[in-house]
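Here's the structure, in structure tokens; my notes come after.
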Amino acid sequence: QVQVVESGGGLVQPGWSLRLSCAASGSIRRIHAMGWYRQAPGKQRELVAALTSGGTNYADSVKGRFTLSRDNARNTVYLQMNSLKPEDTAVYYCNADLSSIDYVSYNLWGQGTQVTVSS
């Protein structure tokens, strides 16, 4: 079994910070890409940040505020979210493109973690 699990969401005031974690687990051979998406009420899911072999890409709305990092040994990516704004309020989902040790490819979504930015 392979899966991804997010954690780190919560309720914070504008200007505060959060760090989200996404851990992939199971019989993983290789992680090809990992990233974060978010979906606010009444809006479509959008890409926040993604890490691939070619580098890291950020949505324009979060550039300069959010930073994606990784721990390859733990199959984990982190999203450091600084200077949070009310418009960042959304459910944040981790996505991973990976292959298992038996060479089966997967594109997996985590269960989502709620981020609420409000005074």
Inset, instruction - Within segment 77-95, identify whether any single residue is assigned to a loop (DSSP other than H, G, I, E, B) and over 23 Å from Pro14 (Cα atoms), and answer yes or no. - result: no
Inset, instruction - Look through segment 13-62, keep the residues that are hydroxyl-bearing (Ser, Thr, Tyr) and touching a residue at least 40 places away in the same chain (Cβ under 8 Å), and return whichever of them is nearest to Tyr92 (Cα to Cα). - result: Tyr37
Inset, instruction - Test each condition in (1) open to solvent by 70 Å² or more (accessible area, probe 1.4 Å); (2) over 17 Å from Thr116 (Cα atoms); (3) in contact (Cβ under 8 Å) with a residue 24 or more places away in the chain for Ala96 and report the one that comes out false. - result: (1)
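Does segment 75-82 contain any residue that is hydroxyl-bearing (Ser, Thr, Tyr) and over 16 Å from Arg19 (Cβ atoms)?
no
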Inset, instruction - Please find, within segment 106-119, the residue that is least open to solvent (accessible area, probe 1.4 Å) out of those that are farther than 16 Å from Met34 by Cα and not in a strand (DSSP E or B). - result: Ser118
Inset, instruction - Kindly indicate whether any position in segment 82-98 is of a type in the set (Gly, Ala, Ser) and closer than 16 Å to Val4 by Cα. - result: yes
Inset, instruction - Scan (1) under 13 Å from His32 (Cα atoms); (2) in contact with a Gly (Cβ under 7 Å, 6 or more places away or on another chain) for the single condition Tyr103 breaks and write down its number. - result: (2)
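The values are calculated or read from the model by the stated rules, or taken from the named source; none is laboratory data. Owing to the predicted nature of the structure, the values given are computational and were not obtained by experimental measurement. Cβ coordinates were reconstructed from backbone atoms using ideal geometry, including for glycine residues, and neighbour counts include every protein chain displayed. To get the accessible areas, we keep the full protein, side chains included, count just its heavy atoms, and leave off ligands, DNA and RNA. Shrake-Rupley method; radii C 1.70, N 1.55, O 1.52, S 1.80 Å.
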